[in-house]
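Everything on this sheet refers to the single structure shown next.
Nothing in this text is a laboratory measurement; each read-out follows from the coordinates by a stated rule. Note that the structure is predicted; figures quoted are calculated from it, not measured. Virtual Cβ from ideal backbone geometry, glycine too; neighbours counted across all protein chains shown.
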Amino acid sequence: MVVKLYGQVTAACPQRVLLCFLEKEIEFEIIHIDLDTLEQKKPEHLLRQPFGQVPAIEDGDFKLFESRAIARYYATKYADQGTNLLGKSLEHRAIVDQWADVETHYFNTLAHPIVINLIIKPRLGEKCDVVLVEELKVKLGVVLDIYNNRLSSNRFLAGEEFTMADLTHMPAMGYLMSITDINQMVKARGSFNRWWEEISDRPSWKKLMVLAGH
Amino acid sequence: MKVYGDEMSASVARVLLCLHEKNTEFELVPVNLFACHHKLPSFLSMNPFGQVPALQDDDLTLFESRAITAYIAEKHRDKGTDLTRHENSKEAAIVKLWSEVEAHHFNPAIFAVINQLIVVPLQGESPDAAIVEKNLEKLGKVLDVYEERLGKTKYLAGDTYTLADLHHVPYTYYFMKTSHAGLINDRPNVKAWWEDLCSRPAFLKVSPGLTVSPTTN
């Protein structure tokens, strides 16, 4: 029996889990939850995910939601298979956790509303908050400078190997790079751009983009 | 272990709670937040984002309070409270799940309220009532999910206290000082859970340091 992932393959949070599955060579089945018709808010899905979001997983009797918790569970369960995403020693694992938490508290808090306003709202015919987006871009520039500095002396965020700390950024980065201004901000930061080009060249990313219809 | 920060910071308190739960000795190295010492180069070399806490343990320097608590909980897994359910991978995943819920759903809403009612006045500004109202509504919806969950389990991740509960404590303590404590008190399961968290010895050691109060409500 393969793990079932409930979600939409083009959405960032399911993509985080899919990248983990691809890096760890784990077989999976995607059960499409249609975000355009708000299927994620319907009673059947709320039983899987009480906040009405995607993804959720079912693996036999085991059920989980929150993409970062799901990715971590599978990275731990299949530690000896595929890419080591969690770090090799207690101290290395702590550094991986640190930069993964930076994604939650500094990167996603800016990337998410930027993507909502510049990509999702236009699709839904809603008005973008232009003032907010400009403020967010300034803050993002400051954060990207910190990342750029980190990546000038480290190949990846947690050191010399690709880990969950890098993976967790990728879905939002994919969206951000499709926005011209942000694309330029990234390219203007040499080390950060080098990192993005390297991680988006990984087979897992390329397979994900095919799954997502690109 | 050295923790750099100030006891009144919720993020620092998160780490102190974990250290006390694990009966681990530590030294708190004060960082004067009012004098912005957390923005000085000496601190930025530990945390480039300029926020407390930072941890030093031998050669390791760490920032992000929840990465620090995970490190302490794993390093000292065999003593004190079992904060991660590490012996069972599925239970450990459920701890991570509810820790993610705190980080992504609970914290942004409660922090926005605390920021307006406690931090902003300290900076000489007036709270933005619209931000408070919007985030109280979001927090209420999150607490509805918690109310249902805590009707099934004693703690968020199951029947024992874990990091998933601990991470909530400092900002909830500050929130209960505001006039909006009803959001907790009006939900019987959430209220019982909160009262239980406040009865723990580690909480009684850390809460006296959480000294700031709302100047307006």
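Is there a pair in A:LYS42/A:LYS121; A:LYS63/A:LYS127; A:LYS127/A:LYS187; A:LYS42/B:LYS154; A:LYS187/A:LYS207; A:LYS4/A:LYS187 whose C-alpha atoms are over 30 Å apart, and which pairs would that be?
Correct reply: A:LYS63/A:LYS127; A:LYS4/A:LYS187.
Among B:VAL120, B:ASN23, A:MET1, pick out the residue whose Cα is farthest towards the positive end of the charge dipole of the protein assembly as shown, where Lys and Arg carry +1 and Asp and Glu carry -1 on C-beta, about the Cα centre.
B:VAL120
With the contact rule set at Cα under 8 Å and sequence spacing of 6 or more, what percent relative contact order holds for segment A:106-214?
25 percent
When the Kirkwood hydrodynamic radius is evaluated over all pairs of different C-alpha atoms of segment B:1-158, what value in angstrom, to one decimal, is obtained?
On the way: mean 1/r = 0.0574 Å⁻¹.
The answer is 17.4 Å.
Determine, at each q value in 0.23, 0.34, 0.35 (inverse angstroms), the log₁₀ of I(q)/I(0) that the Debye formula gives when each Cα of segment A:24-63 is one equal point scatterer.
For the requested q values the scattering log ratios are -0.79, -1.23, -1.26.
Sort out the exposed loop GluC sites (Glu not before Pro) in chain B (DSSP loop, at most 11 other Cβ within 10 Å) and tell me the longest stretch that has none. List each step's numbers first, then the result.
On the way: sites that count: B:GLU25, B:GLU87, B:GLU125.
With a cap of 11 other Cβ atoms within 10 Å, the longest stretch comes to B:126-217.
Rounded to the nearest 0.05, what FRET efficiency do A:GLU134 and B:GLN56 give with R0 = 30 Å and r taken as the Cβ-Cβ distance? Could you check? Can you show the working numbers first?
Numbers: r = 38 Å, r/R0 = 1.27.
For A:GLU134 and B:GLN56, the calculated efficiency is 0.20.
Could you compute the FRET efficiency for A:GLU160 and A:THR37, with r as their C-beta to C-beta distance and R0 at 30 Å, rounded to 0.05?
Once the sixth-power term is evaluated, E becomes 0.10.
Express in nm, to one decimal, how much length is gained between A:LEU211 and A:ASP145 on full extension, taking 0.36 nm for each residue of separation and deducting their alpha carbon distance.
Between A:LEU211 and A:ASP145, full extension yields an extra 20.6 nm.
If you count, for every residue in B:80-93, the Cβ atoms of partner chains within 10 Å of its Cβ, what is the mean? Please list the in-between numbers first.
Working: counts 0, 0, 0, 0, 0, 0, 0, 0, 0, 4, 7, 0, 4, 10.
Per-residue shielding by partner chains comes out at 2.
Taking segment B:74-114, how much of its Cα-Cα pair set, in percent, is spaced more than 11 angstrom apart?
68 percent
Rounded to whole Å, give me the distance from the Cα center of segment A:86-144 to that of segment A:1-73.
21 Å
Nothing charged except the Cβ atoms of Lys and Arg (+1) and of Asp and Glu (-1): what's the magnitude of the dipole of segment A:55-214 about its Cα centre? Round to the nearest 20 debye.
300 debye
Once the principal axes of the Cα atoms of segment A:98-189 are found, what is the range along each, listed largest first in whole angstroms?
Sorted from largest, the Cα extents of segment A:98-189 read 43, 22, 20 Å.
Alpha carbon centre of segment B:25-96 versus segment B:181-213: separation in Å?
Taking the Cα centre of segment B:181-213 as reference, the centre of segment B:25-96 is 22 Å away.
So what does the Cα-only Debye profile of segment B:153-197 read at q = 0.24 Å⁻¹, as log10 I(q)/I(0), no solvent term?
Each listed q maps to, in turn, -0.86.
Excluding same-chain residues fewer than 8 positions from B:LYS39, which lysines have a Cα within less than 22 Å of its Cα?
Partners found: A:LYS137, A:LYS139, B:LYS2.
Semi-axes of segment B:1-61's equivalent ellipsoid from the Cα gyration tensor, sqrt of 5 times each eigenvalue, largest first, rounded to whole Å? Before the final figure, lay out the partial values.
Details: eigenvalues 75, 36, 14 Å².
Square roots of five times the eigenvalues give 19, 13, 8 Å.
Name the residues whose placed amide hydrogens come within less than 5 Å of the amide hydrogen of B:THR24, ignoring near sequence neighbours (fewer than 5 apart) on the same chain.
Excluding prolines and chain starts, which carry no amide H, there are no hits.
Where Rh is the Kirkwood radius over the Cα pairs of segment A:61-124, the temperature 25 °C and the viscosity 0.890 mPa s, what D in µm²/s does Stokes-Einstein return?
175 µm²/s
How much of the calculated P(r) for segment B:77-217 lies past 23 Å, in percent of all Cα pairs? Could you put the intermediate results ahead of the total?
Values: 3541 of 9870 pairs.
When every Cα pair of segment B:77-217 is considered, 36 percent fall beyond 23 Å.
Which translational diffusion coefficient, to the nearest whole µm²/s, is obtained for the protein assembly as shown from the Stokes-Einstein equation, given a Kirkwood hydrodynamic radius over C-alpha pairs, 4 °C and 1.567 mPa s?
It comes out at roughly 58 µm²/s.
Any idea what the alpha-carbon Rg over 2.2 N^0.38 Å comes to for segment A:12-98?
That ratio works out to 1.19.
Charges on Cβ only, +1 for Lys and Arg, -1 for Asp and Glu, centred on the Cα centroid of chain B; of B:VAL145, B:LEU60, B:ALA13, which one is farthest towards the dipole's positive end?
About the Cα centre, the residue reaching furthest to the positive side is B:VAL145.
What number, in percent, do you get for the relative contact order of chain B if the mean sequence gap of Cα pairs under 8 Å and at least 6 apart is divided by its residue count? Intermediate values should be presented prior to the final figure.
Details: 290 pairs, mean separation 51.5, N = 217.
RCO, chain B: 24 percent.
How high is the relative contact order of segment A:1-91, in percent, counting Cα pairs under 8 Å that sit 6 or more residues apart?
33 percent
If you put +1 on each Lys and Arg Cβ and -1 on each Asp and Glu Cβ, how big is the dipole of chain B around its Cα centre, in Debye rounded to 20?
Using Cβ point charges on Lys, Arg, Asp and Glu, chain B gives about 180 debye.
How big is the charge dipole of the protein assembly as shown about its Cα centre, in debye rounded to the nearest 20, if each Lys and Arg gets +1 on its Cβ and each Asp and Glu gets -1 on its Cβ?
It comes to approximately 280 debye.
Positive end of the dipole of chain A, charges at C-beta (+1 Lys, Arg; -1 Asp, Glu), about the Cα centre: which of A:VAL130, A:ILE26, A:ILE119 has its Cα farthest in that direction?
So the residue furthest toward the plus end is A:VAL130.
Taking Cα atoms of segment B:95-160, Rg/Rh with Kirkwood Rh, to two decimals?
1.10
For segment B:137-217, just the Cα atoms, rotate onto the principal axes and tell me the three extents in Å, largest first.
For segment B:137-217, the Cα extents along the three principal axes come out at 37, 31, 16 Å.
With a ≥ b ≥ c the root eigenvalues of the C-alpha gyration tensor of chain A, is it rounded (a/c under 1.5), prolate (a/b larger than b/c) or oblate?
Taking the square roots of the gyration eigenvalues as a ≥ b ≥ c, chain A is oblate.
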